[in-house]
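Before any comments, here is the structure.
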Ligand code: GLU
């Protein structure tokens, strides 16, 4: 009979703390009933993409909606793949989308909270204490198999349904203490493996908060818990950390779902109460009628930087993400127009099982809505920050006269039905171009009943009566007054009843003026535009339009 205590001391001579010590050091959290503790657990290997942001946002909202805790833990057990500065970039990225953790690793690299350290590479002794305890209970053992041994195993198992280190294939499972001592004295490196209690005839059942009830075979594999350098694998670290940090809901990408039987088995072997799992399916895209995963290679919109570059406000991305996270969000928003997005009662059960459909067109609509309700000052501030980085020409226009820029952005803002011209900051240069002479592009194409001949007559009259000091009613009165002398009617209804009696109606007259001043047939309020452009520019543009129509007529 193996003396497990002796084995444990042999493998971990320097570990003098038992799990009890840590259980006491990291007591239960003092939270109200139903509060959920969730976390974002990035590996510092890359950059934030929309999928990470989406999953993280689900975790954040789950904690928020229950007055719980959302914390950040850095999973840096794979030192080889570690990218310097990756965590800071990820946390900065999250912050732009309104996600900040109240506990764990902070943006400045500091750690905050009672369950520290929150960086796995600083928790080696903790993992080893639990590992030692598993060895003492005969639930883990050292494995001396080399890479070649494992390769050989792979070849042997070619026709085997269950592949991996288990049962009769687990060569080191039943080594005697003397064998182990011998291997150690030869200086052989070892990994620590779980002695899996899995039964091939038994199933593992669990209830995923998103995917529902799931049934899978029990785990049979003697997985590696500690690598040769004593650093844990993801599986082992997950069980210990989420237990000691009292995570209630592990919310993560669904690539981990196949590992749940192993994770639940680890919790059992370690004597922990299991956590609840919520596995988030990857974001999907519809293409030619088929749904597929968003792909790093094919879809620029998967990169979080895409939204920054295009100038989608983070509020809009958040708002849109919530519409595809929880199907009842849009209804809630209709009733709670001005409510803080964080007050939405987020519910994991309302998530898509197969993957939310991410649609840039829909995001664009949501963003137009969000921007239409912002103040001109806010639009200016956010778009000016964007322009500073991505559009120097817009920044230069803004800087000429900030007060003017804000007035331009304020046209039609605050109306009952605000216009929705801007979906992203990169739409602004075009949207405001005619408000600046250096950006204005004339286009004298007319629509409706307007002809070059009619335009000439209208513009000649308008030029003489236009006065920048007119109020809106007087200004519009003058436009109506132009109608009759040029053979139009100020009354649209009247025109519709007797279309043959008139050359056009007041709408056509306005269009002619609009086209001359802006080069477009559709703009926000023409009166505001005219007043802001001022006498000189209005006169100049009208004269140029007159010249144009004289030539083409
Ligand atoms: N570090 C893991 C990853 O980046 C986290 C998975 C989890 O949330 O448990 O995939």
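Every number here is computed from the coordinates shown, using simple stated rules; none is lab data. Here the structure is a predicted model, which means the values were calculated and not measured. Every residue, glycine as well, gets a Cβ built from its backbone with ideal geometry; the counts of neighbours run over all protein chains shown.
Arrange the following residues from fewest to most other Cβ atoms within 10 Å of their Cβ: 398, 431.
Working: 398 23, 431 16.
Ordered by Cβ neighbours within 10 Å, fewest first: 431, 398.
Counting only C-alpha contacts under 8 Å and six or more residues apart, can you give the relative contact order of the chain as a whole percent? Write down the numbers at each step before the final one.
Working: 794 pairs, mean separation 61.5, N = 553.
11 percent.
Remind me, relative contact order of the range 232-374 in percent, using alpha carbon pairs under 8 angstrom and six or more residues apart?
Relative contact order here is 23 percent.
At residue 399 and residue 420, where each label point lies 7 Å from the Cα along Cα→Cβ, what is the point-to-point distance in nanometres?
So the two model labels end up 3.5 nm from each other.
What does DSSP give for the chain in terms of the percent of beta bridges that are antiparallel, rounded to the nearest 5?
Counting only bridges with both partners in the chain, antiparallel ones make up about 55 percent.
What is the extension gain from residue 102 to residue 26, computed as 0.36 nm multiplied by their sequence separation minus the C-alpha to C-alpha distance, in nm to one decimal?
Full-extension gain reported as 25.6 nm.
Where the centre of each part is set by its Cα atoms, how far does the range 202-243 sit from the range 423-468, in angstrom?
Measuring centre to centre over Cα atoms gives 66 Å.
Take residue 158 and residue 336, extend 7 Å from each Cα along the Cα→Cβ direction, and tell me the distance between the two endpoints in nm.
6.1
So, by mean Cβ neighbours within 10 angstrom, what's the order for 137-146, 18-27 with the highest one leading?
So the order, starting with the most tightly packed, is 137-146, 18-27.
Bins of 10 Å, beginning at zero and ending with the bin holding the largest distance: percent of Cα pairs per bin for the range 399-553, please.
10, 39, 35, 14, 1, 0
Please work out how much length the chain gains when fully extended from residue 357 to residue 78, using 0.36 nm per residue of separation minus the C-alpha to C-alpha distance, in nm with one decimal.
97.2 nm
Measuring from label point to label point, each 7 Å out along Cα→Cβ, what is the residue 525 to residue 439 span in nm?
Using points 7 Å along Cα→Cβ, the separation is 2.0 nm.
So between residue 255 and residue 216, what do we pick up on full extension, going 0.36 nm a residue minus the alpha carbon distance?
12.6 nm
The range 24-55 to the range 127-183: how many Å between their Cα centroids?
So the two Cα centres are separated by 32 Å.
Starting from the exponent 0.38 and prefactor 2.2 Å, build the expected Rg for the chain from its residue count and divide its actual Cα Rg by it.
For the chain, the normalised Cα radius of gyration comes out at 1.39.
If I take all pairs of Cα atoms in the range 1-89, what percentage of them are more than 16 Å from each other?
Roughly 71 percent, once rounded to a whole number.
Using the alpha-carbon centroid of each, what span in Å lies between the range 481-496 and the range 325-402?
Centre-to-centre distance over Cα atoms comes out at 42 Å.
How do 118, 404 line up, fewest other C-beta atoms within 10 Å first?
Ranking 118, 404 by Cβ neighbours within 10 Å, fewest first, gives 404, 118.
Within 10 Å of each residue's Cβ, count the other Cβ atoms and sort 248, 45 from fewest upward.
With the sparsest Cβ surroundings first, the list reads 45, 248.
Assign one of three labels to the range 280-343, namely rounded, prolate or oblate, based on the Cα gyration tensor with a ≥ b ≥ c the square roots of its eigenvalues; rounded applies when a/c is under 1.5, prolate when it is not and a/b is larger than b/c, and oblate otherwise.
Oblate, since a/c reaches 1.5 and b/c is not below a/b.
When the helix-only estimate is applied to the chain (DSSP H runs of n ≥ 4, each -39,500 (n - 2.57), divided by the residue count), what is the mean residue ellipticity at 222 nm, nearest 500 deg cm²/dmol?
For the chain, the value works out to -13000 deg cm²/dmol.
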